[in-house]
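Report on the following structure.
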Amino acid sequence: MAHPAKSFVKMWPTWIALSLLVSPGAKIHAATFTVTSQVYMDISIDGEQIGRVIIGLFGAEAPKTVANFRQLCIEGVDGGDVVSGDGHGAISIYGQYFEDENLNINHTCSGFLAMANRGPDTNGCQFYITTMPTPWLDGKHTIFGKVLDGQGVVHKVEQTKTDTDDYPVKPVIIDDCGDHPMGGEFTVSDDPYDLWAWIKAAYLPLGMSFSILAFFQYIIRKLDSYTNVDDVQDEAVPKVPAKID
């Protein structure tokens, strides 16, 4: 007979099943960041819309960098390099370049938004989004935001075929961008199981948020009870040594 917990999990979407894999007592050391504003970017590849990316900006950790990025988004950009469009241009609201800001945030996971540069204090308009942990970039680039929704779109861009000079064979364009509404400041972390941050980022009503959290706690308790029953049954079965001829 199939394990009741396994049968139950199969009835729910993958994102619910994944969240249940983490024990409530598990300790994960994660850094937290305050999201003070949000922006969106609508992305296309070779003229075909592939989706929207919503990014939370860390205005408390990197206020100068966030102000520059938000202004570029509000005015509208058609790529990271708004000067020459080939990855060599640089401009900011402070001049061609501005200095690094808060290099203490590390590249611990995918989804971090950071400034591309040519060395210390050469930030302009170019940025990147991580698709995996990149510790070799720690202390060299200013991280000032994190993808809240649309990381799959980022990975589609990552998988775009490039030429020998590492330029996309098909044009990748930010068709539209700007401010994205939010209900108030909240925190996110580099913990992939930070469910509460996901709920707040989704701007759900408070009552619904607590209902979702209560539902997850209920399911976790049920799974724990199934596990405990199986453990008791296993202990009750006498262990018969294997017969050796």
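Determine the sum of side-chain charges near residue 97: Lys and Arg each +1, Asp and Glu each -1, restricted to other residues whose C-beta is under 9 angstrom from that of residue 97.
Summing Lys and Arg as +1 and Asp and Glu as -1 gives -1.
Considering only Cα-Cα distances, which of the following residue pairs are longer than 28 Å: 64/170; 64/146; 140/170? All intermediate terms of the calculation are to be shown ahead of the outcome.
Working: 64/170 33 Å; 64/146 16 Å; 140/170 30 Å.
Checking Cα-Cα distances, 64/170; 140/170 exceed 28 Å.
For the stretch 32-190, what is the convex hull (Cα atoms) projected area averaged across all directions, in square nanometres?
That works out to 8.7 nm², a quarter of the Cα hull's surface.
First measure r as the distance between the Cβ atoms of residue 140 and residue 97, then evaluate 1/(1 + (r/R0)^6) with R0 = 22 Å and state the FRET efficiency to the nearest 0.05.
Once rounded, the FRET efficiency stands at 0.90.
How much net charge surrounds residue 157 when only other residues with a Cβ under 14 Å from its Cβ are counted (Lys, Arg +1; Asp, Glu -1)? Before the final figure, lay out each step's value.
Values: positive: 52, 156, 161, 170; negative: 42, 46, 48, 158, 166, 175.
With Lys, Arg at +1 and Asp, Glu at -1, the net is -2.
Where does each of 70, 52, 118 land when they are ordered by accessible area, with a 1.4 Å probe and the largest first?
Result of the area sort, largest leading: 118, 52, 70.
The values are calculated or read from the model by the stated rules, or taken from the named source; none is laboratory data. None of the values given here were measured: they were computed from a predicted structure. For neighbour counting, all protein chains shown are included, and Cβ atoms are generated from backbone atoms with ideal geometry for every residue, glycine included. SASA here: full protein model, heavy atoms, side chains in, ligands and nucleic acids out. Shrake-Rupley method; radii C 1.70, N 1.55, O 1.52, S 1.80 Å.
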